[in-house]
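**Q** Dropping the structure in here first, questions after.
The values are calculated or read from the model by the stated rules, or taken from the named source; none is laboratory data. Just so it is clear, the model here is predicted, and its values are computed rather than measured. So basically every Cβ, Gly included, is an ideal-geometry build from the backbone, and we count neighbours across all protein chains shown. These area figures cover heavy atoms from the full protein model, side chains too; ligands, DNA and RNA do not enter into them. Shrake-Rupley method; radii C 1.70, N 1.55, O 1.52, S 1.80 Å.
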Amino acid sequence: MRGAVLYGPRDVRFEEREVPKIIKPTDAIIRISATCVCGSDLWPYRGINPILQPTPMGHEYCGIVEEVGSAVTSIKPGQFVIGSFFASDNNCPNCQIGYQSSCQHKEFVGDAQAPVVRIPLANGTLVATPDVPSADMIPSLLTLSDVMGTGWFAADAANVKPGATVAVVGDGAVGLLGVLSAKQMGAGRIIVMSRHESRQKLAREFGATDIVPERGDEAVTRIKDLTAGIGADSVLECVGTQESMAQAIRSTRPGGSVGYVGVPHGVELNGEKLFYAHVHLHGGPAPVRRYLPELIDLVWNGKINPGKVFDLTLPLDQVAEGYRAMDERRAIKTLLRP
Ligand SMILES: [Zn+2]
Ligand SMILES: [Zn+2]
């Protein structure tokens, strides 16, 4: 089979790889229905995270179970399943309180931009849909593997409540699905920080009520102006830079919450400023597995359509163009079909 391999900055190749096989009795083999490029794939793609050797890519996946190991009982061949980028046993103390992305036995699934993938800890990791979905539902189901689960965690960690005023920092796919999540959780007002017209349009479709194109100090001033000088109740930080994190904390009202899911690159917090900010901070790699049953239900019943974030669909053999389009911001998110 052929799959995506990153060799160096802006050098993704589609090349021959070994077909994955069952290694442990707890593994499952999935034939991928759709996979995609993640915003976080762009960090190594741009050379910001060093690439030390040719590295298979891809951590968002859904598809049909092809084979299961002898210890796998929760799913069976022929079922359509979705899992997180962190395989988890869904059983240890950290999993039991809903932090499967801190599972004591977690394993990263990092080679899903391929026709077939091996998923460890299949019993805990994979969740089957009620039936094999129709083709038009697959993009939305695919988002549950990471980007939608991460947007949902951002909103959950930011403690979004019915009627709340929410601000979202970042208009990438996660930020946009953070808007959708906040709307679904009943937010009264959703302010998105965005400068890109196509992204603003999708944000409004997902439930944004206000757009703030400013950045830094000016953005904070605008959020304060829009909230009677107080700040937002809940702020979703979906970028991971020093500027975006500072902007998120400063846009939050005293007693409010920041949910941060942007993978930090060079973020440092000033203890004294944090002390006087009086905000709750909660974030990290999203425990996507916790949300899968609920989010599958919402997609299955047509309540949400997060698959709209894919504005480019390519055959998997054009994966390099998929990365390029996102790198150059010509696409919000690329879906790949094997
Ligand atoms: Zn991802
Ligand atoms: Zn666990």
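**Q** At D11 and A135, where each label point lies 7 Å from the Cα along Cα→Cβ, what is the point-to-point distance in nanometres?
**A** 3.7 nm
**Q** Related question: Can you compute the equivalent ellipsoid semi-axes for segment 165-307, i.e. the square root of 5 times each eigenvalue of the Cα gyration tensor, sorted largest first and rounded to whole Å?
**A** Square roots of five times the eigenvalues give 24, 17, 14 Å.
**Q** What's the carbon and sulfur percent of the chain's accessible surface, probe 1.4 angstrom, rounded to a whole number?
**A** Answer for the chain: carbon and sulfur cover 50 percent of the accessible area.
**Q** Counting helices only, and only those DSSP H runs with n ≥ 4, report the 222 nm mean residue ellipticity of the chain as the sum of -39,500 (n - 2.57) divided by its residues, in deg cm²/dmol to the nearest 500.
**A** The helix-only estimate for the chain comes to -8000 deg cm²/dmol at 222 nm.
**Q** Same structure again: At 1.4 Å probe size, with every protein chain present, just tell me what the per residue accessible area of the chain comes to in Å².
**A** 43 Å²
**Q** With θ set to phi - 60°, apply the Karplus curve 6.51 cos²θ - 1.76 cosθ + 1.60 along segment 265-281 and write out the HN-Hα couplings as whole Hz, x wherever there is a Gly or Pro.
**A** 10, x, 7, 10, 9, 8, x, 5, 5, 4, 4, 7, 6, 6, 10, 8, 10
**Q** Take the alpha-carbon centre of segment 157-195, take the same for segment 116-142, and report the distance between them in whole Å.
**A** What the calculation gives is 26 Å, centre to centre.
**Q** Within the chain, which is the longest segment containing none of the GluC sites (Glu not before Pro) that sit in a DSSP loop and have at most 12 other Cβ atoms within 10 Å?
**A** 19-267
**Q** Can you pull the one-decimal nm distance between simple spin-label points at Y276 and D317, each 7 Å off the Cα toward Cβ?
**A** Output for this residue pair reads 6.2 nm.
**Q** Pick out, in residue order, every one of the trypsin sites (Lys or Arg not before Pro) in segment 123-229 that is DSSP loop and has at most 16 other C-beta atoms within 10 Å; say none if there are none.
**A** Taking segment 123-229 and a limit of 16 other Cβ atoms within 10 Å, the loop trypsin sites (Lys or Arg not before Pro) found are R195, R215.
**Q** Between I190 and residues 5 or more places away or on another chain, which pairs have amide H atoms under 5 Å apart, with H built 1.01 Å from N, and which residues are they?
**A** Those lying under 5 Å, H to H, from I190 are V166, T209, D210.
**Q** What number comes out for the charge environment of R2, summing +1 per Lys or Arg and -1 per Asp or Glu over other residues with Cβ under 14 Å away?
**A** Around R2, the surrounding residues sum to -2.
**Q** What number, in percent, do you get for the relative contact order of segment 243-297 if the mean sequence gap of Cα pairs under 8 Å and at least 6 apart is divided by its residue count?
**A** Once divided by the residue count of segment 243-297, the mean separation gives 41 percent.
**Q** Run down the lysines and flag those whose C-alpha is under 27 Å from the C-alpha of K224, throwing out any fewer than 8 positions away in its chain.
**A** Partners found: K161, K183, K201, K273.
**Q** For segment 278-338, which trypsin sites (Lys or Arg not before Pro) are both in a DSSP coil and crowded by at most 13 other Cβ atoms within 10 Å?
**A** K303, R329, R330
**Q** Near A128, within a Cβ-to-Cβ distance under 13 Å, what is the net charge of the other residues, with Lys and Arg +1 and Asp and Glu -1?
**A** -1
**Q** Starting from the Cα of K76, draw a straight line to each of the lysines and keep only those under 29 Å, dropping any in the same chain fewer than 8 residues away.
**A** Reachable lysines: K21, K24, K106, K303.
**Q** Can you give the direction-averaged projected area of the convex hull of the alpha-carbon atoms in the chain, in nm²?
**A** For the chain, the mean projected area of the Cα convex hull comes to 16.2 nm².
**Q** Here's another thing I want to ask about it. Can you give me the C-alpha center-to-center distance between segment 267-338 and segment 28-46, rounded to a whole angstrom?
**A** Here the answer is 12 Å between Cα centres.
**Q** Separate question: With 21 Å as the cut-off, how large is the P(r) tail for segment 81-175, expressed as percent of Cα-Cα pairs?
**A** The calculated P(r) of segment 81-175 puts 43 percent of pairs beyond 21 Å.
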